[in-house]
Amino acid sequence: MHRTYAAWAAVAIFLFAPVAVADGYALHTVKPGESLGSIANSYQISVDALMAANDLRSAVIHPGDEIKVPYVEAMGGPAGTSPRIPPGFSWHTLQPGETLSTVAQAYGLSIDALVGANPTISSLDNLPVGVDLLIPPREGLIVTLESGQSLADVLSTYHVDPAEVARANHLRSPFDVQPGMMLFLPGVPPTQALARLKKVREAEHRFIWPIHGRITSPYGPRHLGMGTSPFHRGIDIAAPWGTPVHASRSGVVIFAGWSTEGYGNLVRIRHPDGDETWYGHFSTILVHVGEYVDQGEVIGREGSTGISTGPHVHFEVHVHGRAVDPMTVLH
Ligand SMILES: [Zn+2]
């Protein structure tokens, strides 16, 4: 409450200086028995908004007091029209052959900037042709105000500078905002949206190739007499010595070091559902036990440590505690 009020005050101080204070208010004369709560309720606005509009430090009011009611918030703004897009934004309709990356590139934007402007998209990789994307003028986050949510709530949630938000959205007063309105928060990273979309991407491509190369030994029984096990529990992928190796899925590193079982320098990652991926024979390990790694993150460099005849990654996938053929989960 105090924090919210402080944020409102900050907005009010900055924004009200150049405009007439009476602009945009209805005046309500307090009758006996009325409280700030009952007045707020009758106009369908928040007590915070009333307190801010009247520069009140406590909720105590007296009969005969004149209370300013910010009518834009009270009336909920114009209905039935599509939401106004923030200044400097435009729409782009996804064309055949286009992806989020190509659109970002075409406008000279990062993927993060595009996600920030479109935080409710359902996928990074599988958007259908015809989807409308907002093109932002720069990096930042679009938030849509829910009813009951004030500008001050948004400012304090995202720790953004009221002046910058006012400028970016051409706001003349805090009461220019209304439920359903899109508000652009410059410089705020789309952290939540990216985390959600990365999970979606993982579901879409559960395991990715840790390294690209030539498969020199498949999963299954072997006849080469190499190694400690007659059954090859993974696939061997050969690539030039030192090639970076990527985490096949995100997860927590549960082993990173020398294996006494022939894997040489071994990394094991446990994924959120308990499945594991193992990567053997690294020349260099670039992660440590307990570290969280994203899918695709570099975890080491390919090598030929342990029982190995040449540079390759020995890659195992363990599902429900059992090593399965990686080729059945890689696409
Ligand atoms: Zn192997």
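Quick note: the coordinates plus some simple rules give every number you see, no bench work behind them. Since the model is a prediction, treat every value here as computed from it, not as a measurement. Ideal geometry is used to build each Cβ from the backbone, glycine not excepted, and the neighbour counts take in all protein chains shown.
So which lysines can residue 31 reach, going by Cα to Cα under 29 Å and dropping same-chain residues fewer than 8 places off?
68
Which one, 271, 313, 252, projects farthest toward the positive side of the charge dipole computed for the stretch 214-328 from Cβ point charges (K/R +1, D/E -1)?
313
Sort 231-243, 260-272, 56-68 for me by packing, meaning the mean count of neighbouring Cβ atoms within 10 Å per residue, highest on top.
Ranked by mean Cβ neighbours within 10 Å, highest first: 260-272, 231-243, 56-68.
Grab the other residues whose beta carbon is less than 13 angstrom from that of residue 62, score K and R as +1, D and E as -1, and report the net.
So the environment of residue 62 carries a net charge of -2.
If we count every other residue with Cβ under 11 angstrom of residue 201's Cβ, Lys/Arg +1 and Asp/Glu -1, where does the sum land?
Numbers: positive: 196, 198, 199, 206, 249; negative: 125, 202, 204, 294.
Once all neighbours under 11 Å are counted, the net charge is +1.
Using 0.36 nm per residue, how much length does the chain from residue 209 to residue 92 gain when fully extended, once their Cα-Cα distance is taken away?
38.9 nm
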